[in-house]
Each structure stands twice: as C-alpha cells, then as structure tokens.
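Working notes, beginning with the structure itself.
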Amino acid sequence: MAGNRFCDAATIFAMIEVSMRGRRLFIFLLSAVISVAASALERPFPPNIKRGSMTPAPYPEIVIDGKSRTLSAGARIWNQDNMIEMPASLRGSLLPVYYTENLEGDIDRVWILTREEQSRPNPK
C-alpha cells in the first residue's frame with residue numbers, strides 16, 4: 001500500500017484536544033475584546049435630565065437633594081455599570097445621579113453616575 005490513510009486513536013484525540021484549546025483561547029480573547037469595547041461606550045442621556053444627589057428610601061419614595069420624591073410606576077434605576085437596579089437593593093447615601101421626571105412630576109429614570117461622569121459638566 002502507498003500509505004496509511006487512517007490515524008490511530010491517540011493521534012485523533014491529540015488533534016481534538018489542540019483544537020478545543022484553540023477554540024477556548026479564541027472565545028476568551030473575543031470576549032475580552034468585546035467587553036473592552038463595550039466599556040468604552042458612553043451612556044446616552046436624554047436632553048431633559050437633571051442632576052442631583054440621591055439617597056434611597058422605602059419604596060416608592062426616594063430622596064433627591066434632601067427632598068422626598070416619588071418613583072413613578074415602572075421607574076428604572078441604572079447603576080454605574082448601566083445595569084438595572086431594584087430600588088430595594090440600593091445602598092448608600094448622597095449618590096450622584098442624573099434623573100428625569102414624568103408629566104406628573106414623579107421620578108421615572110435614574111442613572112447613578114460613575115466617577116468619570118461626575119467630573120463632566122451636566123449635558124444639555
């Protein structure tokens with residue numbers, strides 16, 4: 001015969017293992033690149049935002065700049081990682097925030113600011 005066209009089992013398993021390591025490395029590097037790119041994005045804020053300091057209070061109340069305010073039904077609060085926070089899970093006081101009000105004057109959206117966002121002027 002001219003040559004053996006078949007590989008033994010050990011060779012096949014070695015090729016599969018190298019292939020799996022390469023795939024894992026590729027997936028890891030791809031996820032690292034995507035997470036770095038995502039963290040570089042600025043959060044979009046609406047033009048009608050207001051800036052203040054928030055202290056959590058028993059739901060549906062919230063204290064902004066020392067005044068008790070009400071969260072609207074369906075209000076959303078984004079943390080520094082731009083993930084939704086439940087009002088009951090908020091901790092801390094005098095958190096720097098941007099917020100918006102609905103037509104009734106209730107707070108409907110709140111963004112807890114990062115250190116970088118705190119140093120920027122209020123967008124208008």
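The values are calculated or read from the model by the stated rules, or taken from the named source; none is laboratory data. All of these numbers come straight from a predicted model, not from anything done at the bench. Here the Cβ is made from the backbone with ideal geometry for all residues, glycine too, and neighbour counts use every protein chain on show.
Remarks
- The residues of the range 79-124 that are among the polar types (S, T, N, Q) and closer than 14 Å to Ala57 by Cα, listed by number, are Ser89, Ser93.
- Here Gly52, Gly92, Gly74 are screened, and the one residue that is surrounded by fewer than 10 Cβ atoms within 10 Å (Cβ to Cβ) and either modelled with pLDDT of 95 or more or under 16 Å from Ile112 (Cα atoms) (or both) is Gly92.
Per-residue answers, yes or no, for (1) farther than 17 Å from Leu41 by Cβ; (2) in contact (Cβ under 8 Å) with a residue 24 or more places away in the chain; (3) assigned to a loop (DSSP other than H, G, I, E, B):
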{"residue": "Asp81", "(1), (2), (3)": "no, no, yes"}
{"residue": "Ala88", "(1), (2), (3)": "yes, yes, no"}
{"residue": "Arg91", "(1), (2), (3)": "yes, yes, yes"}
{"residue": "Val97", "(1), (2), (3)": "yes, yes, no"}
{"residue": "Thr100", "(1), (2), (3)": "yes, yes, no"}
{"residue": "Glu104", "(1), (2), (3)": "yes, yes, yes"}
{"residue": "Trp111", "(1), (2), (3)": "no, yes, no"}
{"residue": "Glu116", "(1), (2), (3)": "no, no, no"}
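- Residue within the range 9-28 that is modelled with pLDDT of 70 or more, more than 21 Å from the chain's Cα centre (by Cα) and in a loop (DSSP other than H, G, I, E, B) present: no
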